[in-house]
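K.L.:
Please find one structure pasted underneath; my questions will follow.
No value in this document is a laboratory result; all are computed from the given coordinates. Since the structure is predicted, the reported quantities are computational estimates derived from the model, not experimental observations. With ideal geometry, Cβ positions are generated from the backbone for all residues, glycine too; neighbour counts draw on all protein chains shown.
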Amino acid sequence: MVESGTREVHVGRDDSFDHLVITRFSVKMDDIDGPADRERWLHERMELLRKYPLPSLQRQTSMNYTWVLLLDEDNPDWCRKELAELEGQNDFLRVHYISAPFTPEVCSAVVAHYSKGNALITTRLDSDDALAENYIDEVQARFDSQELCVVNFLHGIQVSDGKVYRRDYPLNPFVSLYEMNFAGLPPKTVFMDQHPRLGAHAQVVDVETSEAMWMQVVHGGNVANRVVGWRLGAGAMLPQFPPFYTSDSGLVGIVRDRLAYLAARGGRGVRRAANLVSSWPQIRKYRRDRRCGRYYPSKRSSNSGGCRAAHQTGSSQMRL
């Protein structure tokens, strides 16, 4: 164990299991058409790889894992060269080229190449997303030789155009699979099925944490992702992730996004939105009084009571 700043970083290998983080960087898929301008797409994907998943894995508090980056054999020379340089700079990275379209069977064969033991953990990570710095530690801490088990950290964040959103997501794209194999069979891996359907194959354990454990980046190049979370303020502290751009659209913009989220949920969400709207005049008065110097928390007069009530409403309803 070595110290890195204020973080404890565990290095070396734990021979009781193998842990592979698997990322499909540029692979063919039978059911998905490739990008129209592949060269441009590859350049954009390389930039996202360097910005999100790579630094998040470099920062892990446990380095007891291998990151397997999967690519087609027909990737251009410049892409191969850049990835070879990254592989040489990061001991935990393995760039692996495949000749066939990606399938669960192909993934199983790749994993079998890197894992020779009986105990295996495989983790999904897209090439434009990131893991919290303690993700690997938390996954491995819960491994207890489960025969076949999916561990799913519910709480994460979405990032889009500099805005940050909280999202709680069952069977999300950041799940890990525990498996034991004593019969010499091919490993199943976390890619044995699409992540929303893994519950049909294995026990699922949902883990609630106080901090976000993953970051999903929503951008123009996404195939299916969209923003569905609860908007957080730009001041939200997220030290468990690499630094990333955030924009502050102001309180009005945050409230607008939150109201849209609540209205989209219907029923209970609409009632919460109505309560928020009804409290808005009080919140505005409190903020105006503070700017004018008419708010004195230390005084307990009847006049300050109204301001205190407005302040309490603001802190509970408008938590950023």
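K.L.:
Can you list the residues, at least 5 places off or on another chain, whose amide H is less than 5 Å from the amide H of VAL164, using H built in the peptide plane?
P.N.:
Residues meeting the amide H criterion: LEU232.
K.L.:
Just want the ordering: LYS28, LYS163, LYS116, from fewest to most Cβ atoms lying within 10 Å of their own Cβ. Spell out each step's value before the answer.
P.N.:
Values: LYS28 15, LYS163 21, LYS116 8.
With the sparsest Cβ surroundings first, the list reads LYS116, LYS28, LYS163.
K.L.:
So, one more: Please list, ordered by chain and number, the residues whose modelled amide H lies under 5 Å from the amide H of VAL205; skip anything fewer than 5 residues away on the same chain.
P.N.:
VAL150, VAL151, ASN152
K.L.:
Moving to a separate point now. Can you tell me the order of 185-192, 70-77 when each peptide is scored by its average per-residue count of other Cβ atoms within 10 angstrom, highest first? Let's see the in-between values first.
P.N.:
On the way: 185-192: 20.1, 70-77: 14.1.
So the peptides 185-192, 70-77, ranked by packing, come out 185-192, 70-77.
K.L.:
Hey, what do the phi angles of the stretch 154-169 turn into as Karplus ³J(HN,Hα) couplings, whole Hz, using 6.51/-1.76/1.60 and θ = phi - 60°, x for Gly and Pro?
P.N.:
Karplus values, whole Hz, x for Gly and Pro: 5, 8, x, 10, 10, 10, 8, 6, x, 8, 10, 10, 7, 9, 9, 9.
K.L.:
Further, regarding this structure: Take ARG166, ARG50 and order them by how many other Cβ atoms sit within 10 Å, fewest up front.
P.N.:
ARG50, ARG166
K.L.:
Convert each backbone phi in the stretch 92-101 into a coupling constant with the Karplus relation 6.51 cos²θ - 1.76 cosθ + 1.60 (shift: θ = phi - 60°), then list the ³J(HN,Hα) values in order as whole Hz, x for Gly and Pro.
P.N.:
Result, rounded to whole Hz: 7, 9, 10, 8, 10, 9, 10, 9, 9, x.
K.L.:
Of LYS28/LYS81; LYS51/LYS116; LYS51/LYS188; LYS28/LYS163; LYS81/LYS163; LYS28/LYS188, which pairs sit farther than 25 Å apart, going by alpha carbon to alpha carbon?
P.N.:
Details: LYS28/LYS81 20 Å; LYS51/LYS116 32 Å; LYS51/LYS188 30 Å; LYS28/LYS163 31 Å; LYS81/LYS163 34 Å; LYS28/LYS188 20 Å.
The pairs that break the limit, which is 25 Å between Cα atoms, are LYS51/LYS116; LYS51/LYS188; LYS28/LYS163; LYS81/LYS163.
K.L.:
Arrange TRP67, TRP214 by Cβ neighbour counts within 10 Å, fewest through most, would you?
P.N.:
TRP67, TRP214
K.L.:
Hey, can you rank 152-158, 238-244, 79-85 by average C-beta count inside 10 Å, highest first?
P.N.:
The densest-packed peptide leads the list: 152-158, 238-244, 79-85.
K.L.:
List the residues, sorted by chain then number, that are 5 or more residues from ILE98 or on another chain and whose placed amide H is less than 5 Å from its amide H.
P.N.:
Here LEU71, ASP72, GLU73 satisfy the definition.
K.L.:
Now, a different point. Can you run phi through the Karplus equation (6.51, -1.76, 1.60; θ = phi - 60°) for the stretch 178-184 and list ³J(HN,Hα) in whole Hz, with x for Gly and Pro?
P.N.:
9, 8, 10, 9, 9, 9, x
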